[in-house]
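Let me begin by presenting the structure, written as C-alpha cells, before commenting on it.
The values are calculated or read from the model by the stated rules, or taken from the named source; none is laboratory data. Bear in mind that the values here come from a model prediction, so they are computed numbers and not experimental data. Note that we place each Cβ from the backbone using ideal geometry, even for glycine, and neighbour counts take in every protein chain shown.
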Amino acid sequence: MCFLCDVKHSAWQSRRGFLQAAAGAAAVAASAPLLAQVDVGASSSLRTLVPAGELEAASTQEYTKLLSDARAKGTLAPPGSAQLRRLRHIAGRLVPQAAQWNDRAKKWRWEVNLIDSKQINAFCMPGGKIAFYTGILTQLRLTDDEAAMIMGHEMAHALREHARARIAKSQGTSTLLSLGSQLLGLGQFGDMAASVGTQLLTLRFSREDETDADLVGLELAARGGYNPQAAVSLWQKMARVGGGGGNGPGFLSTHPSGPERIEQLQANVPKVQGLYLRARGQS
C-alpha cells in the first residue's frame, strides 16, 4: 500500500473510531437521566430532626383511616372508575421520575386514590400516599397535563420532605426525641402518632416550600411527558376560581394563586421544555 493510501486508511480508521465513540456517547446520553433543570437547592436540614420512617408509618396510618372512612361513606372511587384510572395512569408516568429527588422514593409503596367530594383538593403524604378529590378535577375541568402538574406538585412536597421540616419547626425538642423511637408505640406516644398523622392533612407549607414544590413538580411532570405550559394554565384557572386572593376552599386556601406564582412558573417552563420533548420522543 502506498504511503498516501496508508495515511488515508489510518485517517479513516481514526475517524470511524471517533464517529463510533460519538454515536455511543449520544446513545448513552439519550438514555441516561438528565440532571435537574430547575434550581431549588438542597432540602431543609431541619427535616432530619424527624425520623423519616416513623413519619411515613404515621402517614400510612392516617391515609388508611381516610380511605376506610371514605369507603364507609361510599365516596371512595372503585378501581374501575374512569377518573381513578386516569389519575393512576398519570402517576405511572410520574413516579418513575421521583427517585432523582429522593432516594427513599424507590422503596415507597405509592398509592393513588380518588374521593368523591366537591372539595377542590389533592395531596401526597410522606411515603407516596396520593389522594385527589373529584371536585378539583370537575370544577377546574383539568386536562391530563394540568392534573399531572397538581400531582407533580403534591409529590414534590413529599419528595422534598416539607412535612418533616414543618413538623420539626412546630414540635419541641423533647417531643422530637421521643418521636424518633416511640412514635408508633402505646399510651402518650400512640396519641402523639395520631396527632402527627392528623397534622399531615392540615399542614400549611411556607411560601418557599410552595415555590420548591411548584418547580420540582413542573420538572417531574415534564419528565413524565406532560406539557409544562399546563402549569401556567392550571394556576390561571386557580386564580379565576379563587379570585386570586388565596381564600378559596381546600387546595386554594393552602396554595394561593397570584401573578408572582404564574410568572415564576412561566419563567421556568423553557428550562424543562427539552425534558418534555425528550419524553414525547420529539427531541
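A few points about this structure:
- Any chance A131 is assigned to a helix (DSSP H, G or I), touching a residue at least 24 places away in the same chain (Cβ under 8 Å) and either in contact with a strand residue (DSSP E or B) (Cβ under 6 Å, 6 or more places away or on another chain) or within 12 Å of M155 (Cα to Cα) (or both): no
- In segment 122-159, the qualifying residues are those that are surrounded by fewer than 23 Cβ atoms within 10 Å (Cβ to Cβ) and in contact with a Pro (Cβ under 9 Å, 6 or more places away or on another chain), and the one that is farthest from Q236 (Cα to Cα) is G135.
- Annotation note: of D69, D39, the sole residue that is of a type in the set (D, E) and either modelled with pLDDT under 90 or outside any helix (DSSP H, G or I) (or both) is D39.
- Test for R109: is it modelled with pLDDT under 95 and either part of a loop (DSSP other than H, G, I, E, B) or over 18 Å from G224 (Cβ atoms) (or both): no
- Of the helices (runs of 4 or more DSSP H) lying entirely inside segment 150-242, those carrying at least 1 residues that are modelled with pLDDT of 70 or more are 162-170, 207-223, 230-242.
- Residue within segment 252-271 that is at pLDDT 60 or above, under 28 Å from S59 (Cβ atoms) and not in a loop (DSSP other than H, G, I, E, B) present: yes
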